[in-house]
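Computed from the coordinates by the stated procedures, all read-outs in this text should not be read as laboratory data. The structure presented is a predicted model; accordingly, all values stated were derived computationally and were not measured. Virtual Cβ from ideal backbone geometry, glycine too; neighbours counted across all protein chains shown.
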């Protein structure tokens with residue numbers, strides 16, 4: 001899908017400034033369907049035919065999050081999963097947030113909808 005999905009998340013230990021302004025543009029260009037919200041987090045809603053398919057997606061995303069050691073905020077409702085990602089340690093965005101977003105897109109496009 002894009003080169004971000006081929007990378008791996010790097011654990012943030014704090015003390016790193018969050019990405020802001022023009023530094024976000026290359027990532028936004030690679031993930032045009034994700035919304036950068038107030039330079040704090042990235043968000044996207046995924047639509048499904050029913051609750052079970054959304055739940056299966058959440059479980060697959062959970063497996064990727066565990067592999068990467070980076071965890072999104074997921075909200076499951078009937079036919080929809082809302083995803084928010086940011087680096088909690090610095091209360092902002094790092095490259096790892098965009099890497100995880102790209103991996104979540106891969107999960108979505110590879111599975112049933």
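Screening residue 91 with (1) surrounded by fewer than 17 Cβ atoms within 10 Å (Cβ to Cβ); (2) in contact with a strand residue (DSSP E or B) (Cβ under 7 Å, 6 or more places away or on another chain); (3) under 25 Å from residue 28 (Cβ atoms) gives one miss only, at (2).
In region 1-101, which strands (runs of 3 or more DSSP E) lie fully inside it and hold 2 or more residues that are closer than 23 Å to residue 112 by Cα?
The strands (runs of 3 or more DSSP E) meeting that bar are 41-47, 73-77, 80-85.
Do we have any residue at all in region 42-49 that's touching a strand residue (DSSP E or B) at 6+ places or on another chain (Cβ under 7 Å), surrounded by fewer than 18 Cβ atoms within 10 Å (Cβ to Cβ) and either within 12 Å of residue 100 (Cα to Cα) or without any contact (Cβ under 8 Å) to a residue 40 or more places away in the chain (or both)? Yes: one or more hits. I'd like the residue in region 52-71 that is touching a residue at least 40 places away in the same chain (Cβ under 8 Å) and farther than 10 Å from residue 104 by Cα and, out of all such residues, is farthest from the chain's Cα centre (by Cα). Top of the filtered list is 53. Here region 50-63 is the region considered, the condition is being touching a helix residue (DSSP H, G or I) at 6+ places or on another chain (Cβ under 9 Å) and buried (at least 17 other Cβ atoms within 10 Å of the Cβ), and the residue that is farthest from residue 86 (Cα to Cα) is 57.
Which of the residues belonging to region 3-38 are over 19 Å from residue 104 (Cα atoms) and surrounded by 13 or more Cβ atoms within 10 Å (Cβ to Cβ)? Steps first, answer last, please.
The first filter runs over region 3-38 and keeps only residues over 19 Å from residue 104 (Cα atoms), leaving 12-23, 25, 38.
12, 16, 18, 19, 23, listed by residue number.
Residue 107 - would you say it is in contact (Cβ under 8 Å) with a residue 24 or more places away in the chain, more than 26 Å from residue 14 (Cα to Cα) and outside any helix (DSSP H, G or I)? So residue 107 does not fit the description; no.
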